[in-house]
Amino acid sequence: MRLEGVHHVTAITADAPRNVEFYAGLLGLRLVKKTVNQDDPTVYHLFYADEQGDPGSDITFFEYPGARQGRAGAGMVHTVRWRIASEDALDFWQKRLDNHVVSREAGRLTFVDPEGLRHELAVAETDDPPLIADHPEVPAELALQGFDGVRAFSADPGRSREFLEQTLDFDPREGGSWEARGEKRGGLYGYDPAPEGAGIGGAGTVHHVAWASPMEEHEAWRERVAAAGAQVTPIIDRFYFKSVYFREPSGVLFEIATIGPGFATDESLEHLGERLSLPPAFEHLRSQVEPILTPLPNPRETAAAR
Ligand code: ZN
């Protein structure tokens, strides 16, 4: 029983329209689901991914309009790393991301989104299938290929080792990192020393990282995490996938989410993300929530019109 790399990464935005413009418009991901936060249905939950909405490529945002600016600290993910095909692709992104770029090294480009969330593009060293979205301004060979992994801050990474290796079956890798590698896909997890001062959850910070489990193994994962002494939630049906949540010993909020049923459950693959999707348990709220949600551009129409 192995986790199949990163399922999704969820972060916080204070400005959904600008978020759509950046992740779908500039970064070239596809807005695959426009729905609400199931724990607070008055705000958006936006999902960007590859063309099919595959786990492994899926970055999601809760919108809290006007949320304070956050800052990553101990027990929080600080960087999301994506795979890219080549140095040529890095050249393309360095130019396209322009003033969002923080630094460029061999094989790696670091940039921040408009709210300060940190990302890296790394030349892929893997045979995992690339997970890419179509975008009129981004040739397929240069596009983002899904997650390589995430890095978090920890005050004491040693205390997570046993849990990561024994309970979650992550394999140690060089540079103080681990890999969750399943049959189809892998994803990296690593730590950096925490900065001075506590982290602040808010705009531009990661809320949690989810690891991917085959549907039939999900319950066994929950039992395994519980047996290790972690406080784990019951299995929560998110409609597009099932989830359990817990904190790993360094304090980072982890989720284990199922591969499937997926985003094409309630709309066709061609029209993913165009309208507000509400799972059946939330559909009765549509007339109340639709008027209060910030109107969003359709990124595909915007791109076509440029
Ligand atoms: Zn999640």
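A few remarks follow.
- Filtered chymotrypsin sites (Phe, Trp or Tyr not before Pro), segment 151-195: DSSP coil and at most 11 other beta carbons within 10 Å: none
- Listed pairs K33/K95; K34/K242; K33/K242 exceeding 23 Å between Cα atoms: K33/K95
- Positive-end residue of A227, G262, P139, charge dipole of segment 6-305 with Cβ unit charges: A227
- Computed from backbone phi with θ = phi - 60° and the Karplus coefficients 6.51, -1.76 and 1.60, the 3J(HN,Hα) list for segment 28-36 is x, 7, 9, 6, 9, 7, 10, 9, 10 Hz; x is used for glycine and proline.
- 3J(HN,Hα) couplings calculated from phi for segment 258-268 with the Karplus curve 6.51 cos²θ - 1.76 cosθ + 1.60 (θ = phi - 60°) are, in sequence order, 7, 7, x, x, x, 7, 8, 5, 10, 7, 6 Hz; Gly and Pro show x.
- Accessible surface calculations at 1.4 Å, restricted to protein heavy atoms, place segment 33-75 at 33 Å² per residue.
- Its relative contact order, with pairs defined as Cα atoms under 8 Å and 6+ residues apart, puts segment 6-305 at 25 percent.
- Hz values of 3J(HN,Hα) by residue in segment 130-138 - Karplus curve (6.51, -1.76, 1.60), Gly and Pro given as x: x, 10, 10, 9, 7, 8, x, 9, 10
- Where a label projected 7 Å from the Cα of D40 along Cα→Cβ would reach, residues of segment 191-207 with amide N under 11 Å: 202-203
- Apolar share of the accessible surface for segment 6-305: 50 percent from carbon plus sulfur atoms, 1.4 Å probe.
- Residue (of Q288, H119, F22) at the positive-pole extreme of the chain, dipole from beta-carbon charges: Q288
- Reduced Cα scattering model of segment 6-305, Debye log10 I(q)/I(0), q = 0.07, 0.15 Å⁻¹: -0.24, -1.25
The values are calculated or read from the model by the stated rules, or taken from the named source; none is laboratory data. Only a predicted model underlies this, so the values are computations on that prediction, with no experimental measurement involved. Don't worry about glycine lacking a Cβ; one is built from the backbone with ideal geometry, like all the others, and counts go over all protein chains shown. Side chains are part of the model used for accessible areas, which takes the heavy atoms of the whole protein and leaves out ligands, DNA and RNA. Shrake-Rupley method; radii C 1.70, N 1.55, O 1.52, S 1.80 Å.
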